Every structure is written in structure tokens, then in C-alpha cells.
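The values are calculated or read from the model by the stated rules, or taken from the named source; none is laboratory data. These numbers were taken from a predicted model, which means no experiment stands behind them. Because the Cβ atoms are built from the backbone with ideal geometry, glycine has one as well, and the counts that use them run over all protein chains shown. With ligands, DNA and RNA removed, areas are computed over all heavy atoms of the protein, side chains included. Shrake-Rupley method; radii C 1.70, N 1.55, O 1.52, S 1.80 Å.
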Amino acid sequence: MAKDAPGKDPHDEGLKVGDRKKYAAGLPAVVKSLQLSNDQMGARRTVLTLARVNQKEGFDCPGCAWPDPHERGRFEFCENGAKAVAEEATLRRVGREFFAEHSLADLEDKTNYWLGQQGRLAEPMFKAKGATHYQPIEWDAAFDLIADRLNALPSPDAAAFYTSGRTSNEAAFLYQLMVRRFGTNNLPDCSNMCHESSGAALSHTIGIGKGTVTLDDIYAADLILVVGQNPGTNHPRMLTALEKAKKNGAQIISVNPLDEAGLRNFHNPQTPLGLTKGTDLADDFLQIRLSGDQALFLALAKLTVEAGAVDEEFIKQHTSEYEEYVAHLDAVDWDTVVEATGLRMEEIRKLAKRYCAADRVIVCWAMGLTQHKGAVPTIQEIVNLLLLRGNIGKTGAGPCPVRGHSNVQGDRTMGIWERMPAAFLDNLDEEFGFEAPRTHGLDAVDTIRAMRDGKVSAFFAMGGNFVSATPDSNVTEAAMRGLGLGVHVSTKLNRSHVVSGDEALILPCLGRTERDDQASGEQRVTVEDSMGMVHLSHGRLAPGSEQLLSEVAIISRLAEALFGTDDAIDWAGLRGDYDVIRDHISRVVPGCDDYNAKVHAPGGFALPNGPRDSRTFDTATGKARFTVNDLETLELPPGHLILQTIRSHDQFNTTIYGLDDRYRGIKHGRRVVFVNAEDLTHLGFVDGETVDLVSVWKGEERRAESFRIVSYATARGCAAAYFPETNVLVPLDSVARISNTPASKSVVIRLEHRAG
Ligand code: SF4
């Protein structure tokens, strides 16, 4: 029986800390999936909905972007996929009665968990200037109001249009078209905060901002390095792929400051073995120091060259700048490298041996690499290592950044980027007969700066929870409160709806699980997974309320209000039949020719990928580029720690499904900080003590109050705590060079005893 939304906001009452788990998934994952699904959807809807997720004729999981196998299993989802689906297909509703009962001041004190548990937004709501409550508003009135405010801006660049990775390809294409037709490239997106560093490094070195690996490559690899990634929580079906690779003889190495259960042992609940002893995954675990990865890959490359284990034929034929790189390796100082990694030299040598002995090597990574000041050079160092032995453009080998949000890669492919290449904009001009702006726009961090400085006064969000996903919470919240207009296209209530400027609107949209009927009939949308596979998604549940509109309908009706129904672009036609949008995509988006036919093929199609398909590298040299990267090391003042912000197991980005973090032994709470036992002794703190976390940046201090210390197996000098609670500690200007991604994995902090 579905449960009602929680009345009281639980916070951390009853916080319990127990033992860490030695394996991931298993029966507990099945029980948790069914329990949470039943709480939100009830039994019948649970069975109906979970049976369709990630199936060829079903809908795409709104969780992460892990690809689907060619042969779908009967149950093609993981525990966190079930949670994501249950939260979207919940029977709980948030309508005018809820907003009449709860003022903004009241909602201000609520956690993201409580807000999210209230249910699906059921109708459009408006907060007028000076108002204390949201009020219902008709759709047409909402679009007219937004259009009026946007058209009254001094410049289109005074507005920013954010995208979260749940937005479908059709909606993303239409959104960028509307925004560029409006006259700006201010298109920040969630990728700016996650894999922007990967895109920057890969585009420069191999000519494409994506990985080159497919699922079949994972199954065929000899050696898989999983670096700065916790797949057990953030990409759980990856464990199934790693289990298969393991069975095929692969070795798996985990490189992480935290010893995560998901890489120790996997109890695959869809196999008999999984219900008993499971499969050991990692053959070795290197407990690296935060921000020590660049040094590690530099060291592995030096040892590979010294061992004479390079693929000279590949280097000669397909790469450039090799000599400069080898000269740079000669200058590497081992003491600096070992200290930066926090590892022992023999651990590094052992891994180098494994690397040189393997023919087909894949390196997978996630935020643990991309959210550091030196993230881009670190990922370029990974490419250097892979190029040394020709581990790109062959079966079982290559770079594999694993995306966190279901369609974050698709959105970028469709044009959601503040700095799209001229070729794309030229195609857009030709296709739609207007001149798209050429001046690069604002990414997420620059948007916050512009809002803070009063240069951006209107903010439009296609999904997401911007205020909780971004760094420097006090600065970001103040910037959002200074807005003239804030608009959020959302499925669920979150803090970004509460932290508002003068005027705010909430526009509730359909979810992936729901049926989308337009003039030409039922519509399907498309998404792109982390490995460049594009496929259809088809929701069948009746919409959660009659007042919901699809993302495409919202954008096209707003465009009609903005530009007039007689605009040269037939917005109504685009809304009426998504095949029309896809025909435009096929003529504007590189690699998407004949898009409609290809996506309607069973399982969809793979986007072209030069390095993978033919070892062609669209770089400045026309080759795969070795790069010389100065080694960045993070100096820690005495008495300080390096903090990384992380997710719990009951969390997806800023969506909090529950207050447990089962694998790490945490129950009923989130304000915890994981610290190494020796560091606690050295710094004079004890396990279980409640402290404040204080970050220090250029003489400024930022404070996060009241965290319970949990003595934990982290690397020496490294701590971890959940976001968004600790985003307040991440300075806005502490970003990765080149990609401008917040450095949320290397925040210099100190612990402070609390009085009493
Ligand atoms: S692995 Fe990712 S995409 Fe797959 S079911 Fe789980 S959350 Fe969804």
C-alpha cells in the first residue's frame, strides 16, 4: 500500500553508525527497491512500472546514464534505478492545497529529503513579488508572464537557461533553439559540474569530448581501472558488466580514497551465486590521496616507457608530440609523485606491471577525477598512458568517463553548451533562417557570478535543483534571491523552488514513465547513454495530473508567447509531432543524419566516434595528442584535511531517496563526516564527536555546522561528507582549470570542536 508523504522533517534524529558492508546489492537491494517502490507507488503500479524500465519498448531509467545490454534482462534495473522510478511515478501529489498550507518561510526550513518526499508537482504555481505563498496560475498566463519579463530584459544575456541531464534529446534540441532564437548562449548545464573536465581533456587529446568504449569492450578487456568512481551506488548496473568482464578473465583495479563495497564484492541478485557468496570484483585496491591521480598516471607512464612496453607502431601512425612527452617523463621526480599519491612505490610498480602485461585496457572514471583543480591535466595523463600502448580504437580498450545523469551526454550532443562549435550554429542558422548568437555564453559557475553581480536577473531551469547542485551555497542562494524572475520546469519539489527572487514560477512537467500525447498522437523521446548509444524512451503511465505538460510542450508554448504564433519557426508543428523535431535534428546535429529511422530501429543506434570507429582523431594535429602536463599537487596546511563531497547510497545527485547509506554503515542521518582514525588521533578528535567543518580559501572561512565524526577507512589526510550539505564549504572560485568545474573533491578544511 502506498504511504503518505512524511509530515515531520526527520533530520538526523536517530542517527546510527554501524559496520561497513563487504558487498554490494544482493537481497537487501531487492528488499529496499520493493519497499521504497511500494511506499511511493503501491504494489500494482510497482510491478507494472519496474517491468518496463530500460526495456526496448519501455522507458529509459531517469537515474544514471549506464547503457543497456543488447539482450535485456527480465529486470533491467538496479536498486537506485528503482528508487529513481518510484520517486517519479509516486502517487503522492503537491498541488494548491499544499502551497496554501506551506508558506515559503515554512518551506525554507525543510530539507531536500522532506521536500522531495512530498510528491509530484500537480499544477503550475506562481509566487508574486512580495508574496509569502505560491498561488495557482493558468498555463497561458504563466507563459505570457515569462515572455513579458524576458522580452523586457535589457539584453538576452541578462537571462540564463539551465538544463539538468534528465531533459530528453527532443526537448534539449528545442530548448537550445528557443534560447538561441531569443538571442543568447547562456546555456549552463549540470555537465558543467560533473564531466566538463572530461570533455575538455578528451576533445583536446583525441578530438571528441566523450569516451570511446562500448559495453562489449568492457566484457572484452584484460584490465579495467576504476578510478575516482563508486559504481556500487552511482552506476550500479556497471557491477553486472564488471562481473561479466571478470568471468571473461579481466583484472579490475579500484583506485579511490574510499574502500567502497561495490568494488569489493557484488551479489548479483539475478543469479544464484549472487544470493550466496557473490563475485569478488577488484583484484587490487589503491587507496590514493585526493587529487593524487595525476601523479599516479604520470608514474605509470614513466614506468611503461622505462619498461620499453610502448606500442611504437601505434605511436608512429596515430599520435603526435610523443618525443616532448617522453622528455617530460624523464624529469619526473619520484619523491614528489609518491607523496602526491599517498601510495607506496611498490603499489605503483605492481600496477604498472599489470598495465604493461595487458593488451586491452580500459580506464573508467567519474567525479573523483573531474572535480579537482588539476582535473583536466589528470584526464590528459590518463590518455597519455592509454596512447603509450595503443589502448584506443581497438576492442576492449579506451577511456571511459561514466556519466551520472541519464541524458546529460545527449543534451550536450543536441546543443546544450554555452560554447557550441561554429559548425553547429551554422547548421542551425541554415535550418531555421535566423542568426544564432556567436558570443560564448555562461556556464554554471559563471552564471552564479553573473547573478551575484546583477548581470543576470532572469533564471530558467529545465529540471534539476540548481541551488543545491552548485557550490558555495550561501553565495549561490543570495544570488538566486536577487533575481527578478526564477522559473523551474520540474517533476518534484526541491530547494530551488524555495530560494526564490522577486517572482518565481514552478512549471510541472511529465516524467519519463508517463504517456505523452500530442496532436499527432502518442510521442516517444530519445536519450543518449554514457557510451554514445541513442535510443527511444516510451512512457505509458497516465500523467500524474491533467495539468502536466511535456518538456517539449512547455518550451514550444513559451516560444510562441516569446516570439508570437506567426514566428517563422512552427513551434506548434514541432510540439504536435516529435518526428518533425527529429527531422530537424538529423539536418543540424553532426552524426545524427537519418535520425528518425535510426532511433526507431530496435535498440536505437551508436553515434559516430572517430577514435573508436576508425582511429581518426579530429584534433589540431589530426592525431591523438600526447600532452605535457605540469604536475599539480595539493599542499595541506598543518591541522587540515582534504574533503571530498560525496553521495550516500540513498541519493542521486541532489535527490535524497532516504537517510541511510547502507554500504558505509550509516542509518537515519546525513550530517556525518568520514575521517581516518589516525588523523583523528593526530588532530585531537574522537569518533562520534560532533564538530563543525570549516573550509579555508584565500583567507575566507566557510562553515558547515554540526557533523558527527565517523572514524572510517579513508586515505590519510582525506575526509568525506555528503553534498548538498557540504556544498557551502566549496568556494565558488575554487574550480578546475580550463573546465571551470567546481573543485568539490578537494576542499581544504579543518574540524572544529563544538562548545558544550
Ligand atoms: S544503473 Fe543507472 S540507468 Fe541503470 S537502472 Fe541503475 S540508476 Fe538506472
Check: Which ones in the stretch 275-303 are within 24 Å of the chain's Cα centre (by Cα) and of a type in the set (Lys, Arg)?
Finding: Arg289
Margin query: Scan the stretch 509-526 and tell me whether some residue there is within 30 Å of Val213 (Cβ to Cβ) and surrounded by fewer than 24 Cβ atoms within 10 Å (Cβ to Cβ).
Written below: yes
Notebook entry, point to check: How many of the residues in the stretch 599-642 are small (Gly, Ala, Ser) and in contact with a Leu (Cβ under 8 Å, 6 or more places away or on another chain)?
Noted result: 3
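Within the stretch 215-240, work out how many residues are more than 16 Å from the ligand (Cβ to nearest atom) and either among the polar types (S, T, N, Q) or without any contact (Cβ under 8 Å) to a residue 12 or more places away in the chain (or both).
Count: 0.
Answer with yes or no whether Ser203 is open to solvent by 10 Å² or more (accessible area, probe 1.4 Å), of a type in the set (S, T, N, Q) and not in a strand (DSSP E or B). Walk me through it before giving the result.
Values: open to solvent by 10 Å² or more (accessible area, probe 1.4 Å): yes; of a type in the set (S, T, N, Q): yes; not in a strand (DSSP E or B): yes.
Criteria met by Ser203.
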Margin query: With the requirement that a residue be open to solvent by less than 10 Å² (accessible area, probe 1.4 Å), within 10 Å of the ligand (Cβ to nearest atom) and either at positive phi or assigned to a loop (DSSP other than H, G, I, E, B) (or both), what does the stretch 38-94 give you?
Written below: Asn54, Gly63, Ala65, Pro67
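Somewhere in the stretch 404-421, is a residue assigned to a helix (DSSP H, G or I), over 15 Å from the mean Cα position of the chain (by Cα) and of a type outside the set (Ser, Thr, Tyr)?
The initial filter retains those residues of the stretch 404-421 that are assigned to a helix (DSSP H, G or I), namely 408-413.
Checking the rest, the ones that are also over 15 Å from the mean Cα position of the chain (by Cα) come to 413.
After this cut, where a residue has to be of a type outside the set (Ser, Thr, Tyr) as well, the list is none.
Within the stretch 404-421 (the criterion being assigned to a helix (DSSP H, G or I), over 15 Å from the mean Cα position of the chain (by Cα) and of a type outside the set (Ser, Thr, Tyr)), the answer is no, since none of the residues qualifies.
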Margin query: Please verify whether Ile738 is assigned to a strand (DSSP E or B), aliphatic (A, V, I, L, M) and over 22 Å from Asn112 (Cα atoms), treating the condition exactly as stated.
Written below: no
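Got a number for residues in the stretch 448-473 being in a helix (DSSP H, G or I), aliphatic (A, V, I, L, M) and surrounded by 23 or more Cβ atoms within 10 Å (Cβ to Cβ)?
Looking only at that region, the number is 4.
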Note to self: So, Leu27, is that one in a helix (DSSP H, G or I) and surrounded by fewer than 17 Cβ atoms within 10 Å (Cβ to Cβ) or not?
What the structure shows: yes
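Which of the residues belonging to the stretch 97-136 are charged (D, E, K, R), open to solvent by less than 30 Å² (accessible area, probe 1.4 Å) and in a loop (DSSP other than H, G, I, E, B)?
Glu123, the sole residue that qualifies.
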Notebook entry, point to check: Is it the case that some residue within the stretch 293-302 is open to solvent by 40 Å² or more (accessible area, probe 1.4 Å) and either of a type in the set (Phe, Trp, Tyr) or modelled with pLDDT of 95 or more (or both)?
Noted result: no
Next item on the list: Exactly one condition in (1) in a loop (DSSP other than H, G, I, E, B); (2) within 15 Å of the ligand (Cβ to nearest atom); (3) within 22 Å of Arg647 (Cβ to Cβ) is not met by Gln270; state its number.
Entry: (3)
Check: Any residue in the stretch 1-22 that is open to solvent by less than 40 Å² (accessible area, probe 1.4 Å) and within 16 Å of the ligand (Cβ to nearest atom)?
Finding: no
Note to self: Among the residues in the stretch 277-284, are any closer than 30 Å to Tyr657 by Cβ, of a type in the set (S, T, N, Q) and open to solvent by 10 Å² or more (accessible area, probe 1.4 Å)?
What the structure shows: yes
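Residue check: is Phe605 under 30 Å from Thr319 (Cβ atoms) and either of a type in the set (D, E, K, R) or surrounded by 18 or more Cβ atoms within 10 Å (Cβ to Cβ) (or both)? Outline the logic, then answer.
Values: under 30 Å from Thr319 (Cβ atoms): yes; either of a type in the set (D, E, K, R) or surrounded by 18 or more Cβ atoms within 10 Å (Cβ to Cβ) (or both): yes.
Spelling it out, Phe605 is indeed under 30 Å from Thr319 (Cβ atoms) and either of a type in the set (D, E, K, R) or surrounded by 18 or more Cβ atoms within 10 Å (Cβ to Cβ) (or both).
Could you tell me which of the residues Arg344, Arg403, Arg349, Arg389 is surrounded by fewer than 24 Cβ atoms within 10 Å (Cβ to Cβ) and either free of Cβ contacts under 8 Å to residues at least 40 places away in the same chain or under 30 Å from Val534 (Cβ atoms) (or both)? I'd like the intermediate steps shown before the answer.
Values: Arg403 fails: surrounded by fewer than 24 Cβ atoms within 10 Å (Cβ to Cβ); Arg349 fails: either free of Cβ contacts under 8 Å to residues at least 40 places away in the same chain or under 30 Å from Val534 (Cβ atoms) (or both); Arg389 fails: either free of Cβ contacts under 8 Å to residues at least 40 places away in the same chain or under 30 Å from Val534 (Cβ atoms) (or both).
Answer to the check: Arg344.
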Notebook entry, point to check: If you go through the stretch 685-706 one residue at a time, do you hit one that is open to solvent by 20 Å² or more (accessible area, probe 1.4 Å), modelled with pLDDT of 95 or more and under 26 Å from the mean Cα position of the chain (by Cα)?
Noted result: yes
Checklist line | Residue pairs meeting the criteria (Cβ under 9 Å; at least 6 apart or on separate chains; first farther than 19 Å from Tyr219 by Cα and at pLDDT below 95, in the stretch 61-83; second more than 10 Å from the ligand (Cβ to nearest atom) and in a loop (DSSP other than H, G, I, E, B)) | finding: Arg74/Ala51; Arg74/Gln270; Phe75/Ala51; Phe75/Pro269; Phe75/Gln270
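Inspect the stretch 244-252 for any residue being in contact (Cβ under 8 Å) with a residue 60 or more places away in the chain and open to solvent by less than 10 Å² (accessible area, probe 1.4 Å) and give the result as yes or no. Break it down into steps so the answer makes sense when it comes.
First, pick out the residues of the stretch 244-252 that are in contact (Cβ under 8 Å) with a residue 60 or more places away in the chain: 251.
After this cut, where a residue has to be open to solvent by less than 10 Å² (accessible area, probe 1.4 Å) as well, the list is none.
No, there is no match, as no residue in the stretch 244-252 is in contact (Cβ under 8 Å) with a residue 60 or more places away in the chain and open to solvent by less than 10 Å² (accessible area, probe 1.4 Å).
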Check: Condition test on Tyr162, is it open to solvent by less than 30 Å² (accessible area, probe 1.4 Å) and within 17 Å of Gly463 (Cα to Cα)?
Finding: yes
Check: Can you name the residue in the stretch 609-666 that is within 16 Å of the ligand (Cβ to nearest atom) and basic (Lys, Arg) and, of all such residues, is least open to solvent (accessible area, probe 1.4 Å)?
Finding: Arg647
Notebook entry, point to check: Among the residues of the stretch 49-104, which ones are in contact with a Lys or Arg (Cβ under 6 Å, 6 or more places away or on another chain) and small (Gly, Ala, Ser)?
Noted result: Gly58, Ala65
Item checked: strands (runs of 3 or more DSSP E) enclosed by the stretch 474-550 - at least 2 residues per element that are within 16 Å of the ligand (Cβ to nearest atom) and not small (Gly, Ala, Ser) -> 525-528, 533-537
Item checked: Qualifying helices (runs of 4 or more DSSP H) (wholly inside the stretch 292-387; at least 3 residues being closer than 18 Å to Ser746 by Cβ) -> 293-306, 334-341, 367-370
Note to self: I'm trying to understand the selection: among the residues of the stretch 698-713, which are touching a helix residue (DSSP H, G or I) at 6+ places or on another chain (Cβ under 9 Å) and not hydroxyl-bearing (Ser, Thr, Tyr)?
What the structure shows: Arg702, Arg703, Ala704, Ile709, Val710, Ala713
